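Heads up: the structure comes next, in structure tokens.
The values are calculated or read from the model by the stated rules, or taken from the named source; none is laboratory data. These figures come from a predicted structure and were not determined experimentally. When we count neighbours, we look across all protein chains shown, and the Cβ atoms used for this are built from the backbone with ideal geometry, even at glycine.
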Amino acid sequence: MKKTLLPLALLASSSAFAADYTDGDTHKNDYKWMQGNLMYAVNELPGESDHDYLELEFGGRAGILDYYGYADVFNLASSESSDKDGEDKIFIKFAPRISLDGLTGKDLSFGPVEEVYFATLFNWSGGSDSVNNSFWGIGSDVMVPWLGKVGLNLYGLYDLNEKEWNGYQISTNWFKPFYFFDNGSFVSYQGYIDYQFGYDDDFSALYNDNGGAMFNGIYWHSDRYSVGYGLKAFKDAYALRDGGFAGKTTGLTHFFAVTYKF
């Protein structure tokens with residue numbers, strides 16, 4: 001395997017970078033990556049929607065700032081027959097984390113925990129009546145057998161529309177290359193879990209007090225391209241009650257992706 005063919009996103013996810021910044025060099029682990037994903041979703045919940053979208057995805061490290069995000073553009077041809085016709089055109093997620101190790105100059109690692117962060121997450125989807133959420137909490141990088149480095153974050157949810165705190169979310173994500181070809185390309189298992197709990201379910205016809213989703217993707221990667229399939233399992237997606245006003249919110253969604261890495 002030629003290491004030069006591995007993208008920086010993989011190197012950052014699979015390598016056991018030291019979180020010791022006591023030498024004052026907070027930029028020693030810096031990296032960045034960006035890619036464009038042409039996606040198609042089948043039976044996405046809630047709404048049981050089939051639709052295309054373009055995703056610009058990025059991430060990296062700059063000093064004490066660890067960051068990840070993406071911007072989705074739906075219904076690229078503005079087709080009136082699309083399941084996304086008449087809905088928000090754009091969805092944005094941005095998840096910056098500030099290293100407490102780097103900020104304090106102390107090694108805060110312990111056991112399998114390599115680094116500790118002040119973690120935030122923002123979801124925006126267009127109009128003032130659409131999703132506008134922020135999450136605030138504590139994060140970490142944890143070494144897990146076989147998977148390697150896994151991000152693990154616990155947040156409190158602040159609804160920017162309602163101007164109120166509403167429940168909590170625990171999130172984890174991983175990227176595990178597990179099969180390598182002679183030309184340096186590889187197959188990875190990558191995914192995430194988002195689970196919300198303690199949600200206000202006074203309006204029980206719409207909301208449950210908990211809900212979540214798990215994404216499981218199998219992707220082939222080269223230095224410039226990737227092709228993949230993802231299966232996303234929802235249980236009361238986004239704490240919306242299955243069979244309530246939001247319709248079906250529990251079930252499986254299929255995602256197909258073709259990627260170019262910038």
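Scanning region 233-261 for residues that are within 23 Å of K176 (Cβ to Cβ) and in contact (Cβ under 8 Å) with a residue 60 or more places away in the chain yields F234, L252, T253, H254, F255, F256, A257, V258, T259, Y260, K261.
Remark: pairs (first residue in region 133-153, closer than 26 Å to F91 by Cα and outside any strand (DSSP E or B); second residue basic (K, R) and modelled with pLDDT of 95 or more; Cβ separation under 7 Å; 6+ apart in sequence or on different chains) are absent. Looking across region 217-262, the residues that are within 30 Å of A205 (Cα to Cα), hydrophobic (A, V, I, L, M, F, W, C) and surrounded by 17 or more Cβ atoms within 10 Å (Cβ to Cβ) come down to F234, A237, A239, L240, A246, F255.
When N123, N75 are checked against the criterion of being touching a strand residue (DSSP E or B) at 6+ places or on another chain (Cβ under 8 Å), modelled with pLDDT of 90 or more and more than 24 Å from W33 (Cβ to Cβ), a single residue qualifies: N75.
When E55 is tested against (1) within 15 Å of the chain's Cα centre (by Cα); (2) modelled with pLDDT under 95, only condition (2) is not met. Does L160 satisfy being without any contact (Cβ under 8 Å) to a residue 40 or more places away in the chain and under 18 Å from E114 (Cβ atoms)? Taking the combined requirement at face value, the residue does not satisfy it. Can you confirm whether D129 is over 13 Å from the mean Cα position of the chain (by Cα), surrounded by 14 or more Cβ atoms within 10 Å (Cβ to Cβ) and of a type in the set (D, E)? The answer is no for D129.
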